[in-house]
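**Q** Right, I'll just put the structure down here and ask away after.
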Amino acid sequence: MSLRNHLSISPAVREALDSGRPVVALESTIITHGMPYPQNLEMAENVEKVIADNGAVPATVAIMDGKFKIGVTADDLERLARTGGKAAKASRRDVAALLASGEIAGTTVATTMMGAEAAGIRVFATGGIGGVHRGAESTFDISADLDELGRTQVAVVCAGAKSILDIPKTLEVLESKGVPVLGFGTDAFPAFWARESGGKVDHRVDDGEAAAKVIALQFELGLGGVLVANPIPASHALDRDMIEARIDQAIKGAEAEGVSRKDLTPFLLKRIFELTDGKSLVANIALVENNARVAAQIAVALSKRGK
Ligand code: PSU
Ligand code: MN
């Protein structure tokens, strides 16, 4: 039983892993379902570059052509970006069916963690994680990302969670699953476009070294994943009241149109983009690049520790 038999690892990533050099995984649902074309392609290329500029090798993960790809070619990246929302969105439950069909799919945080762990990659950068949706007490809509963080030994660097989710409930579930939440230079759990959500992190780390020390111990102890919460740069943060009002509007729209389940997050992202005249997208790109930089610093620090 091993996902390893279904990986296709790019030569650059293979070489880095074999020689113990730092590697950072990247997800692809953010490319297929999180942003429109061509900004998604530009973002994906820039983020890979930020990681390389900070001394690590980028490994964008996707399920396509019947393989779990770890590190994709420029051509693959373009295919993912152009296919966009017509691609499948691969959560844990979709992996076997998508490997069987050969369909093209963006990997969520959950599935990117699975691929990263199977390949031996310890650090992964994204924008925001999935979590407990507002109204989950009646819909049961809780992202598989939270379960994956509880069991898979990968550190995920994100800008917190969007307040399209219920952030207090998301933090409660992370606690139940035993996931340490590390605030990167902050005591506040960030809310994606805003630097604060009102929630607190469990522990604070102020640089890549400090984060790597905790992550290395967590993995040595076999305790599952780690969430590193890295707030959006202040220069790009959006006004909290403005964005909250737009999010409320988008959620009402989803309810009115009967959008739910796995279509909900992509629908809300698109509506918020429209309602903020694209400001949400500019901020989203800035925070992903910021997370990529921090993830590379952590990967470099881990590799110095021989992890
Ligand atoms: N949140 C964002 N942008 C995203 C996603 C979440 O701000 O692109 C994507 C990620 O890939 C995440 C997934 O893992 O949506 C969660 O989807 P779901 O809630 O269906 O598990
Ligand atoms: Mn869901």
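**Q** Counting only residues that are in a helix (DSSP H, G or I), in contact with a helix residue (DSSP H, G or I) (Cβ under 6 Å, 6 or more places away or on another chain), within 16 Å of ligand 2 (Cβ to nearest atom) and free of Cβ contacts under 8 Å to residues at least 60 places away in the same chain, how many does the stretch 245-282 have?
**A** 2
**Q** Does LEU223 meet the test of being among the hydrophobic types (A, V, I, L, M, F, W, C), in contact with a Lys or Arg (Cβ under 9 Å, 6 or more places away or on another chain) and outside any helix (DSSP H, G or I)?
**A** Considered against the rule, which asks whether it is among the hydrophobic types (A, V, I, L, M, F, W, C), in contact with a Lys or Arg (Cβ under 9 Å, 6 or more places away or on another chain) and outside any helix (DSSP H, G or I), LEU223 comes out as no.
**Q** Does ASP187 satisfy the condition of being over 14 Å from the mean Cα position of the chain (by Cα), among the acidic types (Asp, Glu) and farther than 25 Å from PHE267 by Cβ?
**A** When the stated conditions are applied, ASP187 passes them.
**Q** For the stretch 262-285, name all the residues that are within 9 Å of ligand 1 (Cβ to nearest atom) and in contact with a Pro (Cβ under 8 Å, 6 or more places away or on another chain).
**A** none
**Q** Go through the stretch 268-299 and give me each residue that's within 18 Å of HIS33 (Cα to Cα) and of a type in the set (A, V, I, L, M).
**A** Those that are within 18 Å of HIS33 (Cα to Cα) and of a type in the set (A, V, I, L, M): LEU268, LEU269, ILE272, LEU275, LEU281, VAL282, ALA283, ILE285, ALA286, LEU287, VAL288.
**Q** Considering only residues that are of a type in the set (Asp, Glu) and either away from ligand 1 (no atom under 12 Å from the Cβ) or crowded, with 22+ Cβ neighbours inside 10 Å (or both), which ones fall in the stretch 131-154?
**A** The answer is GLU137, ASP145, GLU148.
**Q** Pick from the stretch 209-247 the residues that are at pLDDT 95 or above and acidic (Asp, Glu): which of them is surrounded by the fewest Cβ atoms within 10 Å (Cβ to Cβ)?
**A** Per the stated criteria, the residue is GLU220.
**Q** Please go through the stretch 265-285 and pick out each residue that is surrounded by fewer than 17 Cβ atoms within 10 Å (Cβ to Cβ) and within 21 Å of the chain's Cα centre (by Cα).
**A** Residues satisfying the conditions are GLY278, VAL282.
**Q** Now a separate question. Which helices (runs of 4 or more DSSP H) sit wholly inside the stretch 1-95 and have at least 3 residues that are more than 16 Å from ligand 2 (Cβ to nearest atom) and either at pLDDT below 95 or not aliphatic (A, V, I, L, M) (or both)?
**A** 11-18, 39-53, 74-83
The values are calculated or read from the model by the stated rules, or taken from the named source; none is laboratory data. Every value quoted in this text rests on a predicted model; they were computed, and no experiment measured them. Positions of Cβ are generated from backbone atoms using ideal geometry, with glycine treated the same way; all protein chains shown enter the neighbour counts.
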